[in-house]
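Encoded as structure tokens, the structure appears first; notes follow it.
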Amino acid sequence: MTNCIENNNFIETAKCVDCKTCEEVCTIFQVMGKYSPWEKVQVAKEILNNHLKPENWETVFFCNKCEACAEFCPEHLDLSKIIDESRRLIVQKWGIQYPRQEMVIKNIFNTGNPFGREERRFNWITNYPKESKILLHLGCMMTFNLRNMGKSLINVLNKLKIDYTISDDEFCCGYFIYNTGDHDSAQKIIEKNKSYFSKYNKIITACAGCYTFIKQNYGLEIPIKHVIEVIDEKLNSEDIDISKLKDKEIIFHDSCHLTRPHGIIKPPREVLKRLGFKLKEFERNENKGICCGADGGMRIINPEFSKEIGKFRLQDAKNKAEILLTLCPFCMQNFQDCNESYGIDITIGNIFKELENILR
């Protein structure tokens, strides 16, 4: 052991009692028949003892970090922390990275986003308040890949007269890099953004991944809210009646980042009910929900496998409703890609677009 972090996570691995309950709830294991949480614990012990077998290093990267295993684990083993530390040690001690990970890190430092897009970040948005001490951190996915989702959100915030601003100084939060195991590079991004965030009194995030990473890793002394919390609070405080739908059935997919670490479960459902939707639920929902397949760096190292995981969630949704809604851009992107690749033929939507339509 070389530091207290490694020691703490080695102690965490010792909690495992080999019951393998985790295998029943891990989507990666269900799809591939390997890389179960239990296997990851065994490999983590190899890594933390400095005896990593060459054929085993990939095991800790085939993880969505959705934390479903921890939710069902009788010992409440925090595998996400073990995965983070294992990946860090693989990079630090053995210098191993996927080529696609190296490309993403280079893109972020060169352009401020993982996609290598060089245009001005918000050249597609004009109708936003220019002066505010409350910053909306939109996130890379919505800014570059899901701009229609971003436009809907901006229109909703404006319609509800919610105080916020955005800035072209926005930079990737560093979560993409952190998931590669290169924590030193991620820390450089954190320090850069902390200086930028210091100009504001409050941060609102639109991306579930950004929300969790900033909240858990930045150590900010200002409030950090997810935008669905802000919207829900606004609708409740002013008793705005926006219910215009009649028995339109939808099924809602929870973001792993919002439910398990932070308990953000009621706000999206309250907004959907206020919209007038007839809300249906997955058998595994809320804090026990199933991952879309995109997170934990999986879309970077193996996008096809990410879609394979997402397919099972979409097929389940298709059996229950004609429309699936989410509020996470990662989930939205992966489900759209799954729908196109596998022809599941279910409508994929987001809460912000539905709210925008009703507020017109």
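What is the one condition in (1) in contact (Cβ under 8 Å) with a residue 40 or more places away in the chain; (2) not assigned by TED's automatic domain parsing to the domain that holds Gln30 that Lys130 does not satisfy?
Failing condition for Lys130: (1).
Which strands (runs of 3 or more DSSP E) sit wholly inside segment 271-360 and have at least 3 residues that are under 21 Å from the mean Cα position of the chain (by Cα), assigned by TED's automatic domain parsing to the domain that holds Asp247 and not charged (D, E, K, R)?
Because the criterion is at least 3 residues that are under 21 Å from the mean Cα position of the chain (by Cα), assigned by TED's automatic domain parsing to the domain that holds Asp247 and not charged (D, E, K, R), the strands (runs of 3 or more DSSP E) in segment 271-360 that meet it are 323-326, 347-350.
Only one of Ile162, Ile154 is at negative phi, in a helix (DSSP H, G or I) and modelled with pLDDT of 95 or more; which?
Just a single option satisfies the conditions, and that option is Ile154.
Considering each of Cys69, Cys63 in turn, give the residue that is part of a loop (DSSP other than H, G, I, E, B), at negative phi, within 21 Å of the chain's Cα centre (by Cα) and surrounded by 16 or more Cβ atoms within 10 Å (Cβ to Cβ).
Step by step, each of Cys69, Cys63 is checked, and only Cys63 is part of a loop (DSSP other than H, G, I, E, B), at negative phi, within 21 Å of the chain's Cα centre (by Cα) and surrounded by 16 or more Cβ atoms within 10 Å (Cβ to Cβ).
Does segment 102-122 contain at least one residue that is in a helix (DSSP H, G or I), in the same structural domain as Pro223 (by TED's automatic domain parsing) and in contact with a strand residue (DSSP E or B) (Cβ under 7 Å, 6 or more places away or on another chain)?
No, because not a single residue in segment 102-122 is in a helix (DSSP H, G or I), in the same structural domain as Pro223 (by TED's automatic domain parsing) and in contact with a strand residue (DSSP E or B) (Cβ under 7 Å, 6 or more places away or on another chain).
For segment 83-90, indicate whether the set of residues that are modelled with pLDDT under 95, within 22 Å of Thr180 (Cβ to Cβ) and part of a loop (DSSP other than H, G, I, E, B) is non-empty.
Checking segment 83-90: not a single residue is modelled with pLDDT under 95, within 22 Å of Thr180 (Cβ to Cβ) and part of a loop (DSSP other than H, G, I, E, B).
Identify, from the list Lys188, Lys234, Lys202, the residue that is under 16 Å from Val271 (Cβ atoms) and either modelled with pLDDT of 95 or more or surrounded by 14 or more Cβ atoms within 10 Å (Cβ to Cβ) (or both).
Only one candidate passes the filter, namely Lys234.
Out of Asn64, Asn56, Asn9, which single residue is at pLDDT below 90, of a type outside the set (Lys, Arg) and outside the structural domain of Gly289 (by TED's automatic domain parsing)?
Asn9
Hey, does segment 255-263 have a residue that's in a loop (DSSP other than H, G, I, E, B), in contact with a helix residue (DSSP H, G or I) (Cβ under 8 Å, 6 or more places away or on another chain), of a type in the set (D, E, K, R) and closer than 27 Å to Leu275 by Cα?
Yes, because at least one residue in segment 255-263 is in a loop (DSSP other than H, G, I, E, B), in contact with a helix residue (DSSP H, G or I) (Cβ under 8 Å, 6 or more places away or on another chain), of a type in the set (D, E, K, R) and closer than 27 Å to Leu275 by Cα.
This table checks each residue for (1) among the small types (Gly, Ala, Ser); (2) within 30 Å of Trp57 (Cβ to Cβ); (3) surrounded by fewer than 24 Cβ atoms within 10 Å (Cβ to Cβ).
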site: Glu283; (1), (2), (3): no, no, yes
site: Asn287; (1), (2), (3): no, no, yes
site: Gly296; (1), (2), (3): yes, yes, no
site: Ile300; (1), (2), (3): no, yes, yes
site: Leu327; (1), (2), (3): no, no, no
site: Glu354; (1), (2), (3): no, no, yes
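Taking segment 157-201 on its own, how many of its residues are within 20 Å of Arg88 (Cβ to Cβ) and among the small types (Gly, Ala, Ser)?
4
Every residue in segment 248-275 that is surrounded by fewer than 20 Cβ atoms within 10 Å (Cβ to Cβ), farther than 21 Å from Leu79 by Cβ and touching a residue at least 60 places away in the same chain (Cβ under 8 Å), please.
If the condition is that a residue be surrounded by fewer than 20 Cβ atoms within 10 Å (Cβ to Cβ), farther than 21 Å from Leu79 by Cβ and touching a residue at least 60 places away in the same chain (Cβ under 8 Å), then Lys248, Glu249 are the ones that fit.
Picking from Ser185, Ser195, Ser167, which residue would you name as being in a loop (DSSP other than H, G, I, E, B) and among the polar types (S, T, N, Q)?
Ser167
So which residues in segment 24-41 are modelled with pLDDT under 95, in a helix (DSSP H, G or I) and surrounded by fewer than 21 Cβ atoms within 10 Å (Cβ to Cβ), if there are any at all?
Those that are modelled with pLDDT under 95, in a helix (DSSP H, G or I) and surrounded by fewer than 21 Cβ atoms within 10 Å (Cβ to Cβ): Glu24, Thr27, Gln30, Val31, Met32.
The values are calculated or read from the model by the stated rules, or taken from the named source; none is laboratory data. Quantities reported herein were computed from a predicted structural model and do not represent experimental measurements. Ideal geometry is used to build each Cβ from the backbone, glycine not excepted, and the neighbour counts take in all protein chains shown.
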